[in-house]
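Derivation of every value follows stated rules applied to the coordinates shown; laboratory data play no part. Small disclaimer: the values here were computed from a predicted structure and weren't measured. A quick note on method: Cβ atoms are made from the backbone with ideal geometry, for glycine too, and the neighbour counts reach across all protein chains shown.
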Amino acid sequence: MIDCHPWLSCQDINRLNIGDLIGYGAVKHIYQSTWNNVNVALVFVNNREYIEDFMHGLRMLRELGPSEFIVQLVGFCTEEEVYVTEYHPLGNALNFHKIFPDTSVSLGKKFQFCIRYVEIIEYLHNSPAGKRVMCDSNSLNKILEQYLITTTHSLVVNDVDALPEVNGSGIVCGHKELNGDFVAPEQRWPHQGEPFVEDEMKLYDEKVDVWKIPPVCNYFLGYCEAAGVFKYYLLPVHEKCRQHNPHSRPTATDILTDYKKYYKEYFLDEEMKERDEL
């Protein structure tokens, strides 16, 4: 994507043709379009009840980018409640195993997606817009929908509509009760049998993102025999991520350091050893 052009203006955006619908959700719907023979994504608010979320997402794209970790903003028009981003034809990370079946890509390449995912989380936790948490992440599928696969076989985060800042007091994700083992323990309503009251929820921080790293990485690794062996190799760091006490969990920076160390030991060093044996 061209990254040295001024953002498209309202006048520029109004000249774009609306193409195929390529994504939709509660907050926005997304259409393919073309600008200067370059495919782009045209993003409209879907429901005015969520206009604050939509505008928050636009603000985050402006404040977090340009960055290799964030989908590139191409232009916006606040008056028309629309913005434009780069287009990624491979779609979101739910398509990962269709794009990269076990027979066509190495386990090392799959683990690079784990590393990239943690790089993005680490960036959000230390971003120029403050310490941000991926709140729209209450299930594995929901997380995977937030990330796009690039044609260079990497990841960028695309959906930043629910990205609150952790300050001195902490955050609560959303306004409804969260359930299930996927969300971090501190995100669950602690008073079983009693009606959920949002104001009585204890605040939490970015460690909720750390709790979710192991299942996301396990998804990228897949379920072949070699992946099972490597998941066992990762168990020490993943067990730290799943500590019920958030203060006992490592930071995203810590995990990134460990992942890169494991990649070197398990893949790069083995490749060098095999070359030496030849």
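Annotations for the structure displayed:
- Taking other Cβ atoms within 10 Å as a rough exposure proxy, His125, His5 sort from fewest to most as His5, His125.
- Three principal axis lengths of region 26-133 [C-alpha, angstrom, descending]: 48, 34, 28
- Protection proxy ranking of 111-120, 43-52 - average other beta-carbon atoms within 10 Å, highest first: 111-120, 43-52
- Computed about the Cα centre, the dipole magnitude for region 142-278 is approximately 160 debye when only Lys and Arg (+1) and Asp and Glu (-1) carry charge, each at its Cβ.
- The ellipsoid equivalent to the alpha-carbon distribution of region 93-277 has semi-axes of 32, 17, 16 angstrom, derived from the gyration tensor eigenvalues as √(5λ) and listed largest first.
- In this structure, Ser9 and Asn167 have a Cβ-Cβ separation that, at R0 = 25 Å, corresponds to a calculated FRET efficiency of about 0.15.
- Estimated purely from DSSP H runs of n ≥ 4, each contributing -39500 (n - 2.57), the mean residue ellipticity at 222 nm for the chain is -10500 deg cm²/dmol once divided by its residues.
- Taking every C-alpha pair closer than 8 Å and separated by at least 6 residues, the mean separation divided by the residue count of the chain gives a relative contact order of 16 percent.
- Dipole magnitude of the chain about its Cα centre (Cβ charges: Lys, Arg +1; Asp, Glu -1), debye to nearest 20: 340 debye
- For region 81-148, a simple Cβ point-charge model (Lys and Arg +1, Asp and Glu -1, everything else neutral) yields a dipole of about 220 debye relative to the Cα centre.
- Positive-end ranking of Ile115, Trp211, Pro128 along the dipole of region 100-232, with charges on Cβ about the Cα centre, is headed by Ile115.
- Charge sum, other residues only, whose C-beta stays under 12 Å from Val43's C-beta, Lys/Arg counted +1 and Asp/Glu -1: -4
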